């Protein structure tokens, strides 16, 4: 560990995670993308070549010349939080951090060669110490995962798409990449929220911070439980039209909606994975090179499947029905529109197709005949909308 943080310790007793891999807290969809990119041969060379095309040097000079660099002499309390976060997550090199004048509460971690963290005055003035600590941990989590590289590329491509909007096919191609990057980046934000919790180790502070970002500095007028109820209502409410509107609303965003972030973080804090990390059992950086790409993609696919399975959103429930029980759904629809009983009526017959003992053979006893026990057209398929 370098000298600049080896003598730094958190301002209160918090668990530290020596050698922790970012895989410990990354969302499965985020982790699979990162593992795949890290495994690509020549990946670093390509991005170093791209760095000449990206405005990274310009951004560094901009913040250096027109923002306040955090240090022991300037914003010392933020500097202490930054060193604490790097100490807890065992990030050896403390990234430069700047405070920039902007009334909108925001923070970001950007850069290809070396990440830099930027927070706005709006955010600094909005959050208390523990809430701000979670935000600083969030940005350090981005740095540890290497998200700053892809965030910089996303910014570049978004600007490029605006510049070539007059070229129909060129704009479509770039926007397709931007849309995919945004979906990945929304998942990376969930990862960084988890990193913020590992640094702050105060779930209520993380919840309060997200709530303030959504509703401003009126904490006495807000309630965490009611805020989380909004997330549940957002997911479960409405019909298929609302589901489509949700998708359209989130597509242009690089961050998930704030209530959704709060609900996802609380859900993760209640998992065994989080408890194992807090108990000192987590993946180590030294094992990253041996990580299987296929295993990571399977975990990502399983995560999306679980989201569909447990979601209360009408569209997701419909997708779950189609994906998880197409045959059963088809049987229900067939029964509804033909007046036939369910396919289970075939269980009244032995495997050889002959009538069961005591049953009269005949066409009415086939699978498409009316059910004898009253199971008929009145049994509709389960309604999801």
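The values are calculated or read from the model by the stated rules, or taken from the named source; none is laboratory data. None of the values given here were measured: they were computed from a predicted structure. Cβ atoms come from the backbone with ideal geometry, glycine included; neighbour counts cover every protein chain shown.
For segment 96-117, which residues satisfy the criterion of being in contact (Cβ under 8 Å) with a residue 40 or more places away in the chain and closer than 15 Å to residue 57 by Cβ?
Those that are in contact (Cβ under 8 Å) with a residue 40 or more places away in the chain and closer than 15 Å to residue 57 by Cβ: 110, 111, 112, 113, 116.
For (1) touching a helix residue (DSSP H, G or I) at 6+ places or on another chain (Cβ under 6 Å); (2) over 23 Å from residue 139 (Cα atoms); (3) surrounded by fewer than 17 Cβ atoms within 10 Å (Cβ to Cβ), each residue gets a yes or a no:
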| residue | (1), (2), (3) |
| --- | --- |
| 207 | yes, no, no |
| 211 | yes, no, no |
| 217 | yes, no, yes |
| 220 | no, yes, yes |
| 229 | no, yes, yes |
| 252 | no, no, yes |
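Could you please find all residues in segment 216-252 being in a helix (DSSP H, G or I), over 20 Å from residue 266 (Cβ atoms) and at pLDDT 90 or above?
Of everything in segment 216-252, those that are in a helix (DSSP H, G or I), over 20 Å from residue 266 (Cβ atoms) and at pLDDT 90 or above turn out to be 220, 221.
Checking residue 63 against (1) more than 19 Å from residue 197 (Cβ to Cβ); (2) at pLDDT 95 or above; (3) surrounded by fewer than 23 Cβ atoms within 10 Å (Cβ to Cβ): exactly one of these is not met. Which one?
(2) is the only condition that residue 63 fails.
Just checking, how many residues over segment 273-290 are in a loop (DSSP other than H, G, I, E, B) and exposed (fewer than 14 other Cβ atoms within 10 Å of the Cβ)?
First, pick out the residues of segment 273-290 that are in a loop (DSSP other than H, G, I, E, B): 279-283.
Narrowing the set further to residues that are exposed (fewer than 14 other Cβ atoms within 10 Å of the Cβ) leaves 279-281.
Summing the residues that are in a loop (DSSP other than H, G, I, E, B) and exposed (fewer than 14 other Cβ atoms within 10 Å of the Cβ) in segment 273-290 gives 3.
Please go through (1) at pLDDT below 95; (2) touching a helix residue (DSSP H, G or I) at 6+ places or on another chain (Cβ under 8 Å); (3) surrounded by fewer than 20 Cβ atoms within 10 Å (Cβ to Cβ); (4) farther than 12 Å from residue 266 by Cβ for residue 202 and return the number of the only condition it doesn't satisfy.
Evaluating residue 202 over (1) at pLDDT below 95; (2) touching a helix residue (DSSP H, G or I) at 6+ places or on another chain (Cβ under 8 Å); (3) surrounded by fewer than 20 Cβ atoms within 10 Å (Cβ to Cβ); (4) farther than 12 Å from residue 266 by Cβ leaves (1) as the failure.
Taking the criterion of being farther than 23 Å from residue 210 by Cβ, in the same structural domain as residue 71 (by TED's automatic domain parsing), at pLDDT 85 or above and surrounded by fewer than 23 Cβ atoms within 10 Å (Cβ to Cβ), would at least one residue in segment 101-110 satisfy it?
For segment 101-110, residues farther than 23 Å from residue 210 by Cβ, in the same structural domain as residue 71 (by TED's automatic domain parsing), at pLDDT 85 or above and surrounded by fewer than 23 Cβ atoms within 10 Å (Cβ to Cβ): present.
From the set of residues in segment 17-28 that are assigned to a loop (DSSP other than H, G, I, E, B) and within 17 Å of residue 139 (Cα to Cα), which is modelled with the highest pLDDT? Explain how you work it out, then say what you get.
Let us first name the residues in segment 17-28 that are assigned to a loop (DSSP other than H, G, I, E, B), namely 17-19, 21, 25-27.
Going one step further and asking which of them are within 17 Å of residue 139 (Cα to Cα), we end up with 17, 21, 25-27.
Values: 17: 97, 21: 93, 25: 94, 26: 89, 27: 86.
The selected residue is 17.
Got a sec? Which strands (runs of 3 or more DSSP E) wholly within segment 83-127 have at least 3 residues that are over 25 Å from the mean Cα position of the chain (by Cα)?
Fully inside segment 83-127 and qualifying: 97-100.
Quick test for you: out of 151, 133, pick the one residue that is within 22 Å of the chain's Cα centre (by Cα), at pLDDT 95 or above and closer than 18 Å to residue 193 by Cβ.
Residue meeting the stated conditions: 133.
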